[in-house]
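The values are calculated or read from the model by the stated rules, or taken from the named source; none is laboratory data. Just so we're clear, the structure is a prediction, and the values are computed from it rather than from any experiment. Cβ atoms come from the backbone with ideal geometry, glycine included; neighbour counts cover every protein chain shown.
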Amino acid sequence: MPTSVRQQLRLACPTIVDETIGDLALDVPSPEPLALHLPAAISIGSVSKSVWGGLRLGWIRALPSLLERLERARPTTDLGTPVVEQLSTAVLLNEHQTRRPDTLQQLRSQRDALRQALAEHLPDIHALQPAGGVRLWATFPGPVSSRLAAMPPDHGVTIAA
C-alpha cells in the first residue's frame with residue numbers, strides 16, 4: 001500500500017496489519033509501518049522470514065491498553081517462552097542487524113529463475129513481475145486450480161487449490 005494511501009486511511013474498526021514480510025521488498029523500498037499513519041492499528045511482525053527461519057519469534061505493536069490485556073491473557077495459552085531466542089532477537093533488532101541484502105538478492109534471483117522457467121516450460125501461464133514482494137501471482141489460461149493442486153503431492157509438494 002503506497003504511503004499516500006496509508007496517510008489517508010481513517011478506519012473506524014480494529015485494524016490488524018501483517019508486516020512479517022515487510023523487510024523482504026525485492027524491487028521497492030520496504031513500506032513504512034502502517035501504525036505511523038494509523039496509531040491504533042495492531043501490527044504483527046516476525047524475524048523468521050527476514051532474518052532466519054529458525055528464529056520463530058514475532059511481536060505485536062499496539063496501543064498499551066491492548067498489550068496489557070494480551071499480556072494478562074498470554075500465560076493461559078503460552079507453551080513456553082524461548083528466552084535465549086528472545087534475547088538474541090532483541091540484540092539483532094537493537095543493533096539494526098535485521099536487514100539482509102544477501103537474502104534479498106538471493107530471493108530476487110530465485111524469483112527471476114522461476115519466472116524464466118515458467119515462460120520457457122509453461123508459456124500459456126502469465127506471471128507478472130510482482131511490485132516488490134516475495135509472492136508470484138500467475139494467471140492460467142483456464143480453471144485448472146483443482147487439477148493443479150491434486151498433482152504436486154505425488155512429487156512431495158502441497159499447494160492450495
For residues that are within 13 Å of the chain's Cα centre (by Cα) and of a type in the set (Val, Ile, Thr), scanning just segment 40-66, find the one that is surrounded by the fewest Cβ atoms within 10 Å (Cβ to Cβ).
-> Ile44
In the set Leu67, Leu57, Leu9, Leu63, which member is more than 23 Å from Val134 (Cβ to Cβ) and in contact with a helix residue (DSSP H, G or I) (Cβ under 9 Å, 6 or more places away or on another chain)?
-> Leu9
Test: residue in segment 76-85 that is exposed (fewer than 12 other Cβ atoms within 10 Å of the Cβ), in the same structural domain as Ser30 (by TED's automatic domain parsing) and modelled with pLDDT of 85 or more | yes
Considering each residue of segment 129-155, count those that are among the β-branched types (Val, Ile, Thr) and in contact with a helix residue (DSSP H, G or I) (Cβ under 8 Å, 6 or more places away or on another chain), and give that number.
-> 1
Of the residues in segment 88-108, how many are of a type in the set (S, T, N, Q), in a helix (DSSP H, G or I) and surrounded by fewer than 11 Cβ atoms within 10 Å (Cβ to Cβ)?
-> 1
In segment 10-32, anything in a loop (DSSP other than H, G, I, E, B) and not aliphatic (A, V, I, L, M) is listed as Arg10, Cys13, Pro14, Thr15, Glu19, Thr20, Asp27, Pro29, Ser30, Pro31, Glu32
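Are any residues in segment 133-148 under 30 Å from Gly22 (Cβ atoms) and basic (Lys, Arg), and if so, which ones?
Selection gives Arg135 alone.
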With Thr98, Thr158 as the choices, which residue is modelled with pLDDT under 90 and in contact with a Leu (Cβ under 7 Å, 6 or more places away or on another chain)?
-> Thr98
Residue pairs qualifying under the 6 Å Cβ cut-off, at least six apart or on distinct chains, with the first in segment 117-132 being without any contact (Cβ under 8 Å) to a residue 24 or more places away in the chain and not assigned by TED's automatic domain parsing to the domain that holds Val28 and the second being of a type in the set (Phe, Trp, Tyr) and not in a helix (DSSP H, G or I), are Ile125/Phe140
